[in-house]
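Just so it is clear, none of the values below were taken in a lab; they were calculated from the coordinates. Keep in mind it's a predicted model, so treat the numbers as computed, not measured. With ideal geometry, Cβ positions are generated from the backbone for all residues, glycine too; neighbour counts draw on all protein chains shown.
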Amino acid sequence: MRKKEQVETSTHEVSGGKRLISAVAFLIFGVAVVATVGFTLHSVSADSQKKSYATVNGTTVVNGATLKHAFVSESVFPDDATARTNHVNRTNSHPWPFYTEEHLVLPAHALVTMTLKVYDGGEKLNTNYFAKVVGTVDNTMTVDGKQVSELAPDGVQHTFTLHGLPTSTQDSMFVNVPLPKMSDDEMTNNKYHTVVFSFVTGGAGEYVWNCEYPCGDGTYAKFGAVMGQNGYMSGKVSVVNG
């Protein structure tokens, strides 16, 4: 009987050891899976857009309030390889028109002045509303130094339209600026318009910008392809404290 008991005890110890090793191996495998999934989700959700930070230079008074004065500059180029090569060092995966800045980072509670050099041609807007300047100081902009409040609906190359989803967690903000088109001759000679406008930011929040001119392919009323592509005709705007 003693030998049989010893054999049974030894068998139970071996089985228990195997179960312990299996449990440890399963735990290690589980941790590895969780770590891999976490890393993958982090990579997918990471902000891949290049950030462009506004430069704060002093203060200014708007409607009786003293605000920081921030400045941002960028350009808008046509779907022409020569124009892109002449003016900006950027390799695009698609021959599409694009804004040079993808993710704007702006200070909260500030007057932001944007300067855009715009090189592209255009046709006609789908909606005349986007030919109007909305949400800027006095609802105006300057084009080559001349103050204007709207463009002809068939004289627009792109729009800079900044907005956010309705939410109670951040201030609302909407800005629409139509950008005047260039003629074919002007584009051939790399001419451009200079558009300047200013708007006031509220508290910290996350917003988006996009173009409302139908410059995409033939799908979705010319709002396909480039229109929904970050870094081309759409991107982000982060308003931050500090």
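Structural remarks
- Set 146/191; 132/181; 50/181; 51/236; 117/146; 117/181 screened for pairs whose C-alpha atoms are more than 20 Å apart: 50/181
- Near residue 149, once Lys and Arg are set to +1 and Asp and Glu to -1 for all other residues with Cβ below 13 Å from its Cβ, the sum equals 0.
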